[in-house]
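Q: Before I ask anything, let me first share the structure, which is written out below as structure tokens.
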Amino acid sequence: MENNFNTIYEELKEKLKDDILVYKKNVRKSISLATLIVAIILIAILLVLRNFTALYPFLIILAIIFLVIVCVSLKTNEYNNILKYKILNILAQSYNPTCKFDNSPSIDSKIYKDSTFNIDFDRIVSEDCLNGVLNNECSFTFQEISVQKKVKNNKGKIHFINLFHGIFCIVELPIIFSYDLKVIKNDISNNLWFKRKNKLEMDSTSFEKVYDVYCNNKIAGMQVFTADTMQKILDFKEKYKMYPEISLKKNNLYMRFPIFKNCLEHNIFKNILDYKEIESFYILISSIINISENFSNDVLDLPF
Amino acid sequence: MVIFIVILFVILIYVLIQYNSFVKKKNAIEQSKSSIDVYLTQRFDLIPNLVTCVKAYCEHEESIFKEITELRSKYYETRNLKDGAIVNNECNDILAIGENYPDLKANTQFINLQKNLQKMENQLQAARRIYNIDVTNYNNSIDMFPSSIIAKIFHFEKEELFDAEEEAKNSTKIKYN
């Protein structure tokens, strides 16, 4: 994977040469303009407050802080407009040229509800959507989402809490799976008697320790989760420190990967093409695409 | 006296719960066993079609067909899972014959049979895994203290796990020409 990434990284540097120049030029222009505006405002305020010289150091520090915030947001904005999706697209297209990233919220709450990962939520905030076709010709959508629920605090003020944050993806299968199958991370609350309905006992103790499997047909559930498939999921969890959760319903394979931070965000204080950062994006994208393809292949191989 | 009655009552409740749990586990095993039987029967019902289809291409292997038909009849009489595993393995072996006869391999009827038998084999494997999980749960309860005492009192005996590989080794191997 590392060798493969090195080639992609070199290609990325080559392809984005001109865009980086445009980005740098735009950033320079915006920052100069912002500095000029802040300087003019500061001078005007200082002139008005001529008699309050004691306030000068405070006002200057305030202006500097304000300028830093403006510069960071300008840089982030320019990066997101010019470079972000170009970088992500090159990384995704290294897997399959049909893959395309954009910022459209293509996964709506109805689709997420269908996956039955969370039933009781109020809204979904989404960004960075990847659409494409897997190598097994199944169409595929991947998006970073936050599933949120409205809560009232003691003072009656409403705010949203995250029920889930991470990557959610859907693979459209060319077959219909007649049962509902769900694999979620083990939780003590899942062991309550009313939640144990349709819970399957699996023959891998290491898998059982981490996951709960639910299916309304025991045989079908066991057919999907062979020893090999369970091991694949455990290996993924070990390697990438992510717990994939799976739901299979009709012709849709839903997978979600809880990640407790913004996943594909550039740290503005790092280089534009920081090797480690781009590598982390690449690992995230390729690992999720690969496990989705792998698992969908396992389902497609089944003689349903 | 009251304490003694309370303790006796608690013990009685515990015995009842454990006894019911053993019965539940034993029934689960019976249920898994019967689903294996259902899948085996479904699979074996296709044997006459398979034999007719394969026979047309390799008549000289008459003995194999005769043997599998006899084994199948034996299974229908005994309903013993071990016998079922033997017939099942022989059935897989006949399917493997197709590899040696390109004409047979290309036959549409044979391809359909192969597909259906493969589907049933897959379901059968899942049913066997469920059976083994149920047997392990039941056997664990028999071995573990204090439920082992209840098992002894009510004569709950350990069940055998299904080992497909072992069954394959024990099966009478059909010799192909």
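Q: When the accessible area of chain B is computed with all protein chains present and a 1.4 Å probe, what percentage of it is carbon and sulfur?
A: 58 percent
Q: Looking at the square roots a ≥ b ≥ c of the eigenvalues of the Cα gyration tensor of the protein assembly as shown, which shape do they give, rounded for a/c under 1.5, prolate if a/b is larger than b/c, or oblate?
A: Because a/c hits 1.5 or more and a/b fails to exceed b/c, the protein assembly as shown counts as oblate.
Q: Given axes a ≥ b ≥ c from the Cα gyration tensor, I'd like to know whether segment A:32-71 is rounded (a/c under 1.5), prolate (a/b larger than b/c) or oblate.
A: oblate
Q: Grab the Cα-Cα distance for residue A:51 and residue A:25, subtract it from 0.36 nm times how many residues apart they are, and report the gain in nm with one decimal.
A: 5.3 nm
Q: Could you run the Karplus curve 6.51 cos²θ - 1.76 cosθ + 1.60 with θ = phi - 60° over segment A:243-251 and give me ³J(HN,Hα) per residue in whole Hz, x for Gly and Pro?
A: 9, x, 10, 10, 9, 10, 8, 6, 9
Q: Mind listing the phi-derived Karplus ³J(HN,Hα) values for segment B:71-81, rounded to whole Hz, using 6.51, -1.76 and 1.60 with θ = phi - 60°, and x for any glycine or proline?
A: Going residue by residue, I get 4, 5, 4, 4, 5, 4, 7, 8, 6, 8, 4 Hz, with x marking Gly and Pro.
Q: Report, by chain and number, residues whose modeled amide H sits under 5 Å from the one on residue A:122, excluding near sequence neighbours (fewer than 5 apart, same chain).
A: The list, which skips near neighbours in sequence, is A:148, A:149, A:150.
Q: Okay, next question. Using label points projected 7 Å from each Cα along Cα→Cβ, tell me how many nm separate residue B:153 and residue B:82, to one decimal.
A: Distance between the two pseudo-spin positions: 3.3 nm.
Q: Can you list which of the trypsin sites (Lys or Arg not before Pro) found in segment B:76-170 are DSSP loop residues with at most 15 other C-beta atoms within 10 Å? Don't jump to the answer; show the numbers that get you there.
A: Values: sites: B:79, B:82, B:105, B:115, B:119, B:128, B:129, B:152, B:158, B:169; in loops: B:79, B:158.
Qualifying residues, ordered by number: B:79, B:158.
Q: Okay, moving on. Which lysines, if any, have their Cα less than 25 Å from the Cα of residue B:74, not counting same-chain residues under 8 positions apart?
A: Partners within reach: B:33, B:55, B:66, B:82, B:119, B:169, B:173, B:175.
Q: While we're looking at this one, here's another question. Among all the lysines, which ones have a C-alpha under 16 Å from residue A:239's C-alpha, if same-chain residues fewer than 8 places away are not counted?
A: Of all the lysines, none pass the test against residue A:239 - Cα under 16 Å, at least 8 places apart if same chain.
Q: Which one of B:101, B:85, B:149 has its Cα pushed farthest toward the positive end of the charge dipole of chain B, where Lys and Arg give +1 and Asp and Glu give -1 at the Cβ?
A: Highest projection toward the positive end goes to B:149.
Q: What is the spin-label model distance, in nm, from residue A:103 to residue A:201 if the labels are put 7 Å beyond Cα along the C-beta direction?
A: Here the answer is 5.3 nm between the modelled labels.
Q: Of A:296, A:280, which has the most accessible area and how do the rest follow, probe 1.4 Å?
A: My answer, sorted largest first, is A:280, A:296.
Q: Taking 7 Å along the Cα-to-C-beta vector as the label spot, tell me the residue A:268-residue A:77 distance in nanometres, rounded to one decimal.
A: 1.0 nm
Q: Rounded, prolate or oblate: pick one for segment A:1-140, where a ≥ b ≥ c are the square roots of the eigenvalues of its C-alpha gyration tensor, a/c under 1.5 means rounded, and failing that, prolate if a/b is larger than b/c, else oblate.
A: Here segment A:1-140 falls in the oblate category.
Q: What is the interface area between chains B and A, defined as buried accessible area summed over both chains with a 1.4 Å probe, reported in Å² to the nearest 100?
A: Values: alone 10910 and 17110 Å², together 26950 Å².
Summed over both sides, the interface buries about 1100 Å².
Q: Oh, and also: With a 1.4 Å probe on protein heavy atoms only, tell me which residues of segment B:101-124 lose at least 40 Å² of accessible surface in the complex relative to the chain by itself.
A: Relative to the lone chain, where solvent access is computed with a 1.4 Å probe, segment B:101-124 loses at least 40 Å² at B:119, B:122.
Q: Further, regarding this structure: Taking θ = phi - 60°, what integer Hz values does the Karplus form 6.51 cos²θ - 1.76 cosθ + 1.60 yield along segment A:11-25, in sequence order, with x for Gly and Pro?
A: Taking θ as phi minus 60°, the curve returns 5, 4, 4, 5, 5, 9, 3, 5, 5, 5, 4, 4, 4, 5, 5 Hz for segment A:11-25.
Q: Please report the net charge: other residues with Cβ closer than 13 Å to the Cβ of residue A:104, K and R +1, D and E -1.
A: Working: positive: A:100; negative: A:102, A:108, A:127, A:128, A:144.
Here the count lands on -4.
Q: Excluding residues fewer than 8 places away in the same chain, name every one of the lysines whose C-alpha is closer than 17 Å to that of residue A:157.
A: The reachable lysines, counting only those whose Cα sits under 17 Å from residue A:157, are A:149.
Q: If you don't mind, another one. Can you give me the accessible area per residue for chain A, using a 1.4 Å probe, in Å²?
A: Result: 55 Å² per residue.
Q: Counting heavy atoms of the protein chains only and a 1.4 Å probe, report the per residue accessible area for segment B:1-155 as a whole number of Å².
A: 55 Å²
Q: Still on this structure: Amide H of residue A:201: which non-local residues (sequence gap of 5 or more, or other chain) have their own amide H closer than 5 Å, using H built in the peptide plane?
A: none
Q: Taking the Cα centre of the protein assembly as shown as the origin, how large is its charge dipole in debye, to the nearest 20, when only Lys and Arg (+1) and Asp and Glu (-1) carry charge on their Cβ atoms?
A: Here the protein assembly as shown has a charge dipole of around 2500 debye.
The values are calculated or read from the model by the stated rules, or taken from the named source; none is laboratory data. Computed from a predicted structure; not experimentally measured. Glycine gets a Cβ as well: all are built from the backbone with ideal geometry, and neighbour counts include every protein chain shown. These area figures cover heavy atoms from the full protein model, side chains too; ligands, DNA and RNA do not enter into them. Shrake-Rupley method; radii C 1.70, N 1.55, O 1.52, S 1.80 Å.
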